[in-house]
Structures are given as structure tokens and as C-alpha cells.
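Just so you know, all these numbers are worked out from the coordinates, no wet-lab data involved. This structure is a prediction, so every number in the text was calculated from the model and none was measured. Please note: Cβ atoms are built from the backbone with ideal geometry, for glycine as well, and neighbour counts cover all protein chains shown.
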Amino acid sequence: MPTLPRILCAVLALAAALPAAHASAASPPVIRETWISEPLHAEEMDSLALWRPANGGSPWLLASAKEGERLLVFDAETGIRIGASGGPGEGPGQFRRPNGVAVAGDLLFVVERDARRVQVLQLPRFRVLGEFGSEQLQLPYGIWLDTSDGGAITAYVTDSFMEDFASSRLPPVERLAERVKRYRIAVDAQGTLQAGYVDAFGDTGEAGALRMVESIAGDPAHGRMLIAEEDRRVGSTLREYSLQGQYLGRNLPPFASDAEGVVLWDCGGGAGYWIAADQVEPTLFRLFERDTLAPAGRFTGARTAGTDGVALGGPTPRFPHGALFALHADVSVAAFDLGEVARRLKLAPACRG
């Protein structure tokens, strides 16, 4: 049996170790940004999407600019701004507070909060093919495109309308069943847009309700979507829904601030991770296992903060294992090397290249 002095020494040693262990658990690794674009202070960027030219040229990173009421284009390899499209207005190719953006092939989808619609443009010339959603959408924000069903596209658009916008007073609980609108989209050989409204969905129970929504992304291989609940009055998190719109009874661990941009990192062979931005300062990027949704790691950048939208790209010559792009303070875009992320967080070998 240990003597009292030995027991006391062991207790003191354990107590001395606890603060260090706690600090280690509370301090995620810092992974430096590969580049951060020059700041654009008058634009208020929000969401990101990546487009790869068919000719093999450098990918474009497209950002919605809410105050500028246009789209900004960056070279995804260097972060240099190379163009812009649009301007204020409600005509074709004009925008009223553009928010969510998404790309499928050469089609760019732009959600406009204040015009209550989604415009579809063809890249690289930003030719307007049409719009949809104005009869159903009230205060749309985010969008995810499911392209797994052949040539047709299913568009999921989050609609965070309020009973009173100024006070963030929620609508009656039964109206939360309209939080996500679903559309079927196709473009024929003549370039004519065909868009049909399918339905709306959202759970009305305490655990699964979508009170304040923006970011949404899906994984057809696992039949699920993750939808960000941003109402911190009930705890911001990601809720798991089926592709048909049913709440699947699971919420991810609570975020410290707003759960923002969420994206699926597919490493091939079934391996992969969800990445979501926790909008603390600096931004905390949280990773979750693709199949089980178990927490898989987290990191921050050296500077990146206040992240709204994120996007994935690659592989490219500069990012052979892919890149995570994230907005920084609404004024810049930051790029992280996913190969470095995989190595630092000791992720699955398929993601390390």
C-alpha cells in the first residue's frame, strides 16, 4: 500500500498536469493559409462556389457580394481577383443582395435574398438562362445542388423568413415546415431553363426544428443533408436530414458561435469528412467523419476570422490534394491546403494523398 507522502506526490503531479492537458484540448492546431486575397471593404462577401473551366484553365472562385450586389471572381490558385459580374437591380444578371451560390457543371445558381429568387447563369460568360422561386421564397439564403440523379438537378434552398425581421421573432412553429424549398431543374439542348417547384420541408419538433437557417449541404451516397441551425437562443448546431426532407433525429455537438458554411470533403473510396465553420474569432473549422458524423478534428488559420461561406476545390498544381476556401471577415478569401490539413489532423490516408 502506498505511503501517504507518495499518494500526496501523485495527487500534486496530477493536479499540475491538468491545466496543461486542458490547454492542449482547448487549443486547436493553427494551419497557416496558403494565401489570403487583397481586402475588398465595400463588397460584404458572403458565399463561395468553385468552377473548373472545361479547357483545363485555372479554376474560378466565385463570391457573392451582398453590399456590392454583384459576383466577384478570383483565380483559385493565387487569390487574385480577375473579374466581376452583375450590379444592383432586379433585371436579368442584376442582383438584390445575392447570398448563396452553387455550381453544377457550367451552371451558376445565385440566391437573392431581397429579390426572393434564384437566378441561373451559364459560365464563363454569365449568360442568364432564367430564374425560379419567386412564387415560394420569402427570405432565401443558402443553396445546395444534388446532381446525383443523371442530368436533372435538385436544388434545395433555405428560406429563413421571420414573423418580424427586425427583432428576429420567429414565425409560428407550424410555418417552420417551410424552411427548405426543393426544386427540380433542367436545361434543354437549346439552353432553356426548366424549373419546377417540388415541395417545402422542415421539422416542427423541439429537437429538429430549423429556426434560423442558411448553410446546407448534402451527401447522396449516405442519403443525408446537414443543415445549419443558427439560432443561438436554442444552440447553434448542424441538424441531420434525409434527402427527402425528414429530420433524422440527430444534431451534431453544439457550436460556440454560429454554425456557418458546411461542405463535404470526398477523399474517394468512401472516405471523407464534413467541414463546417464555427464563427468564433478566429474561425474554428470543425471536421466530422463522413459516415458516422463523429467529431474528427478541428483547426484554425493564422488570420482567418468571421467566416461565412466555404468551398472546396482541387486537385490543382498548387493544391494537389485539394483546397478549402473560406471567407475572412467579409472582405477577403483565404485558401488552405487540404493535404496539410489531413497531415496535421492525422486524417484517413486517402485524404493525405
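A few remarks follow.
- Residue-span extension gain [ASP164 to ALA207] - 0.36 nm each, minus C-alpha spacing: 13.2 nm
- The length gained by stretching the chain between ALA54 and ARG250 to full extension, at 0.36 nm per residue less their Cα-Cα distance, is 66.6 nm.
- Three-way shape call for the stretch 168-291 based on the alpha-carbon gyration tensor, with the a/c threshold at 1.5: oblate
- q = 0.08, 0.10, 0.13, 0.14 Å⁻¹: log10 I(q)/I(0) that the Debye formula gives for the chain, counting C-alpha atoms only: -0.39, -0.59, -0.99, -1.16
- For the stretch 237-301: rounded, prolate or oblate by the Cα gyration tensor [a/c cutoff 1.5]: oblate
- Pairwise centroid distance, computed over Cα atoms, of the stretch 211-250 with the stretch 42-108, Å: 25 Å
- Label-to-label distance, nm, for residues given as HIS41 and SER148 (7 Å Cα→Cβ offset): 4.5 nm
- The trypsin sites (Lys or Arg not before Pro) of the stretch 261-317 meeting both criteria, a DSSP state outside H, G, I, E and B (loop) and at most 16 other C-beta atoms within 10 angstrom of the site's C-beta, are ARG303.
- Förster radius 35 Å - calculated FRET efficiency between GLU135 and ARG344 (Cβ-Cβ, nearest 0.05): 0.15
- Of the GluC sites (Glu not before Pro) in the stretch 118-208, those whose Cβ has at most 10 other Cβ within 10 Å and which sit in DSSP loop: GLU135, GLU206
- Cβ-Cβ FRET estimate between ASP106 and VAL280, R0 fixed at 35 Å, reported to 0.05: 0.45
- Where labels lie 7 Å past Cα in the beta-carbon direction, separation of ALA302 and THR78 in nm: 2.1 nm
- Between ASP291 and ARG127, the modelled labels are 4.4 nm apart [label points 7 Å from Cα along Cα→Cβ].
- Prolate/oblate/rounded call for the stretch 223-353, Cα gyration tensor, a/c under 1.5 rounded: oblate
- The chain - percent relative contact order, Cα under 8 Å, separation 6 or more: 13 percent
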